[in-house]
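The values are calculated or read from the model by the stated rules, or taken from the named source; none is laboratory data. No experiment lies behind these values; they were computed from the predicted model shown. Backbone-built Cβ (ideal geometry, glycine too); neighbour counts: all protein chains shown.
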Amino acid sequence: MVLIEVKWVTKAYYTSRRKDRARIVLDNVSMNFHDNEFVCLIGPSGCGKTTLLNLIAGFERPTVGEVLYKGRKVTSPSPERGVVFQEYSLFPWMSVLDNVRFALNTMDLSSDRKDDIARNALAMVNLTEFADQRPNLLSGGMKQRVAVARLLAMDPDVWLMDEPFSSLDEQTRKKLDSDILNIWRIKGKTIVFVTHNVDEALHLATRIVLFSESPGRVIKEWKVARDMPRTPESPEMVALKKEITDAMPACACADVRPIEIME
Ligand SMILES: Nc1ncnc2c1ncn2[C@@H]1O[C@H](COP(=O)(O)OP(=O)(O)OP(=O)(O)O)[C@@H](O)[C@H]1O
Ligand SMILES: [Mg+2]
């Protein structure tokens, strides 16, 4: 089932006060997201990936075109579409538990029920013992796990994740990627996940969508079979990685080009 439709979306920001100049950030983007898909968006810095997530979340409105969620136009944020940002987005003055509980504020639930849901969500990301601590006592990886717990508590249909683990060390990132994959397998959500890391996309996605340099357009996309072996050394993965990196605009694959040896 198609859950999200991005239809002919162009997004421009005015670059002068008189509104006589604008920068086009997304250029006529059309794409659908289906129920239970794990879609990774990759593309050069500044090509509009975050902007696209903001449009789907309802934080921003398209300049031209529309975004539909279950057939209805997205005009504002909704608890059906949860977001995990790249930076830690926790309230430093609240305990870890209250940070998760905050996500339930708009829901018509008893205080005890909210507590139960928040504690269960923290248990799922192995943070039970930190429930009463302030976020400043947590490591970066733990803070992002609190952000994931918030989504688990809210239980939205769509998870919008904007480079959620990119500031973490490789080992922590891999662990959190595996946790997200498990949660996705158990809960069957639709995840739209932005990353710069092709290996991460190959590990997670059922579909990888590559954007052009700014203004962002969809260049190409690849389906990744759910049963494909996800070990980086498997011939299927090596071949797919090569296909994707070959298709990437030059500046987007700076991290995969061979190092030039100076004579
Ligand atoms: N509120 C805004 N006002 C003006 N310009 C903006 C605004 N938000 C984003 N932009 C511009 O839109 C372009 C796309 O930004 P966006 O954050 O969506 O890119 P991105 O693909 O997520 O980049 P990165 O990979 O670096 O996170 C950038 O040039 C940015 O400066
Ligand atoms: Mg971004």
If we keep just the residues of region 155-174 that are over 19 Å from Ala103 (Cβ atoms) and touching a residue at least 40 places away in the same chain (Cβ under 8 Å), which is nearest to ligand 2 (Cβ to nearest atom)? Glu163
Among the residues of region 146-164, which ones are more than 21 Å from Asp35 (Cβ to Cβ) and either of a type in the set (A, V, I, L, M) or modelled with pLDDT under 90 (or both)? Val146, Ala147, Ala149, Ala153
Suppose we filter Leu53, Leu68 for residues that are assigned by TED's automatic domain parsing to the domain that holds Phe165, surrounded by 14 or more Cβ atoms within 10 Å (Cβ to Cβ) and within 20 Å of Pro215 (Cβ to Cβ); which single one remains? Leu53
Listed by first then second residue, the pairs whose first member lies in region 49-63 and is farther than 15 Å from Arg217 by Cβ and in contact (Cβ under 8 Å) with a residue 12 or more places away in the chain, whose partner is within 9 Å of ligand 2 (Cβ to nearest atom) and charged (D, E, K, R), with beta carbons under 8 Å and at least 6 positions apart or on separate chains, are Thr50/Asp162; Leu53/Asp162
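Run down Asp179, Asp132 and say which single residue is among the acidic types (Asp, Glu), away from ligand 2 (no atom under 16 Å from the Cβ) and under 13 Å from Val84 (Cβ atoms).
Working: Asp132 fails: under 13 Å from Val84 (Cβ atoms).
On inspection, the qualifying residue turns out to be Asp179.
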The conditions are (1) modelled with pLDDT of 90 or more; (2) within 23 Å of Ser212 (Cβ to Cβ); (3) surrounded by fewer than 16 Cβ atoms within 10 Å (Cβ to Cβ), and Tyr14 fails exactly one of them. Which is it? (1)
When every residue in region 17-47 that is under 14 Å from Ile191 (Cα atoms) and not hydrophobic (A, V, I, L, M, F, W, C) is compared, the one surrounded by the most Cβ atoms within 10 Å (Cβ to Cβ) is Glu37
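Of Asn28, Asn36, which residue is more than 15 Å from ligand 2 (Cβ to nearest atom), in the same structural domain as Ser212 (by TED's automatic domain parsing) and part of a strand (DSSP E or B)?
Values: Asn36 fails: part of a strand (DSSP E or B).
Only one candidate passes the filter, namely Asn28.
Does Thr75 qualify as being assigned to a loop (DSSP other than H, G, I, E, B) and in contact (Cβ under 8 Å) with a residue 12 or more places away in the chain?
Numbers: assigned to a loop (DSSP other than H, G, I, E, B): yes; in contact (Cβ under 8 Å) with a residue 12 or more places away in the chain: yes.
Answer is yes for this residue.
Modelled with pLDDT of 95 or more, within 16 Å of ligand 2 (Cβ to nearest atom) and more than 24 Å from Leu151 (Cβ to Cβ): does that describe Leu55? Let's see the steps before the verdict.
On the way: modelled with pLDDT of 95 or more: yes; within 16 Å of ligand 2 (Cβ to nearest atom): yes; more than 24 Å from Leu151 (Cβ to Cβ): no.
Against the criterion (modelled with pLDDT of 95 or more, within 16 Å of ligand 2 (Cβ to nearest atom) and more than 24 Å from Leu151 (Cβ to Cβ)), Leu55 does not qualify.
Within region 58-72, track down each residue that is of a type in the set (Ser, Thr, Tyr) and assigned to a strand (DSSP E or B). Let's see the steps before the verdict.
So in region 58-72, the residues of a type in the set (Ser, Thr, Tyr) come out as 63, 69.
Across region 58-72, the qualifying residue is only Tyr69.
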